[in-house]
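Notes for the one structure printed next.
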Amino acid sequence: MKAFEANFDGLVGPTHNYSGLSFGNVASQSNGTHASNPKLAALQGLQKMKALHDMGMVQGVLAPQERPDLFTLRRLGFTGSDADVLAQAAKEAPRILAACCSASSMWTANAATVSPSADTADGKVHFTPANLTNKFHRSIEHETTGRILQATFADQNHFAHHPALPGVEHFGDEGAANHTRFCHAYGEQGVEFFVFGRSAFDSRYPEAKNCPEPRKYPARHTLEASQAVVRLHGLSDSHVVYAQQHPDVIDAGVFHNDVIAVGNRDTLFCHEQAFLDQAAVKQQLTDTMGGRFNIIEVPANRVSVEDAVQSYLFNSQLLSLPDGRTLLVIPEECKNNERVWSYLSELLNGSSPIDELKVFDLKQSMSNGGGPACLRLRVAMNEAELAAFNPATRMSDELFDTLNNWVERHYRDRIVDADLADPQLLIESRTALDELTQILKLGSVYPFQRA
């Protein structure tokens, strides 16, 4: 059977706001006092989805989380009516309220780790939602994420779903933002590449490499989390490669591997300072891929780590188009950075595997710390699996028009921190999400629908 790589983008939620919640994410921290535009953010994301659909890519949609998260606020001791809970949280713990209003599930690269059926022992596509334990506002996502994934990929003959790993720092799991799958064809067994920031139990990391842990920002993802996912998904050890992020680039704002590297099929596009012992990592990937592997390594004297973080050069989508060309999807910030744009222009005119650039305006997402790659979860599927996933979540001309209309009717065009305690925002959000579950035929995936 033929196989395809589908991209499932997260819809931006109605409470999209800038609260500077993500320590270690430079853009998130820098824009923490700005007003956001949820309507524009959602429409920008939909434009990217539709453009890739129009290019012949398989494009899906993943629903956002219920926010404000009243369920979590009540677990933390806030009581009374919904309006009382919001008012009490705003008065006594405004940062907790902001965390429970975050629309961060839009970045579905953190939603889960996905292994296609060609790689797994039982021949099914496996999903493990990320526990995202390093950030409170993201650690409350995985239960609803799991229900959304199960509603999108429901056929048990083709799809297997696991619960998130234990929610402790020892098994900190940031999902596909630290995972890349390489292959020569999507339907053939590939090589799954897991990148971690530190080890919780193995003293060889990083001491044996004479390199300390990050001093400024946290290393969010552990080796043990990746190893657990490998076991859960039934992957062959001979087709798995692990690599450690360089602590210095974490301290420079590379909170996930997808801020410093991106890969697809038989190509890795990365910065020369992405990994510890990078030469060994490149050799192991090349050997495991049978010697047929392309590495585009960007030198620091052309693009600094600071430029990479500012522009999100590597938080791009590296895609194989149906006509065989390779496309790099980048944010406008790459074009606005003179050094990055100069490098990309030379790359495109040279002999690299990349044939085309596509630039998108994703300013609303970028200002909160997420670029094109953050917004999508990749799922490789064969024809039978493609026919088995929920068709209501697959992008089409009709769905694009429906979702644009839905956003226009339900979303605000401005939110600041003071708006998060507005009971009307909760009503607006729940009304919108209840309608969305009917559009996408998801069933009752939200706590307010299941209460």
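The values are calculated or read from the model by the stated rules, or taken from the named source; none is laboratory data. As the structure is a computational prediction, the values presented were derived from the model and not from experiment. So basically every Cβ, Gly included, is an ideal-geometry build from the backbone, and we count neighbours across all protein chains shown. For accessibility, only protein heavy atoms count, side chains too; no ligands or nucleic acids. Shrake-Rupley method; radii C 1.70, N 1.55, O 1.52, S 1.80 Å.
Worth a mention:
- Overall form of the stretch 287-408 per C-alpha gyration tensor (a/c, 1.5; a/b vs b/c): oblate
- To the nearest 10, the accessible area of ILE295 is 60 Å² with a 1.4 Å probe.
- As a length-normalised measure over Cα pairs under 8 Å and 6 or more apart, the relative contact order of the stretch 84-232 settles at 21 percent.
- Available extension along the chain between LYS358 and ALA280 is 24.9 nm, counting 0.36 nm per residue and deducting the alpha carbon span.
- Using C-alpha pairs under 8 Å with a sequence gap of at least 6, the mean separation divided by the residue count of the chain gives a relative contact order of 24 percent.
- Separation of alpha-carbon centers, the stretch 243-280 and the stretch 41-75, rounded to whole Å: 26 Å
- Lysine pairs in the chain with Cα atoms under 18 Å, if 8 or more residues apart or on separate chains: 13
- Between helix 338-349 and the chain there is an angle of about 50 degrees, using the helix long axis and the longest principal axis of the Cα atoms.
- Nearest-ten-degree value, helix 223-232 long axis tilted from longest Cα axis of the chain: 90 degrees
- Sites listed here are trypsin sites (Lys or Arg not before Pro) in the stretch 290-399 whose DSSP assignment is loop and whose Cβ has at most 12 other Cβ atoms within 10 Å: ARG292.
- Nearest 10 degrees, 0 to 90: helix 397-410 Cα axis against the chain principal axis: 40 degrees
- Accessible surface of SER351 - all protein chains present, 1.4 Å probe, nearest 10 Å²: 120 Å²
- Computed label-point distance, nm, for sites ILE295 and GLU408 using a 7 Å Cα→Cβ extension: 5.0 nm
- Fully extended contour minus Cα-Cα distance, from VAL168 to ARG325, at 0.36 nm per residue: 52.3 nm
- Normalised by the number of residues in the stretch 41-164, the mean separation of alpha-carbon contacts (under 8 Å, six or more apart) gives a relative contact order of 20 percent.
- Ellipticity estimate at 222 nm from DSSP helix runs (n ≥ 4, -39,500 (n - 2.57)) divided over the chain, nearest 500: -9500 deg cm²/dmol
- Taking the centroid of alpha carbons for each part, the stretch 377-409 and the stretch 127-193 are 19 Å apart.
- A Cα-only calculation for the chain places Rg and Dmax at 20.7, 64 Å.
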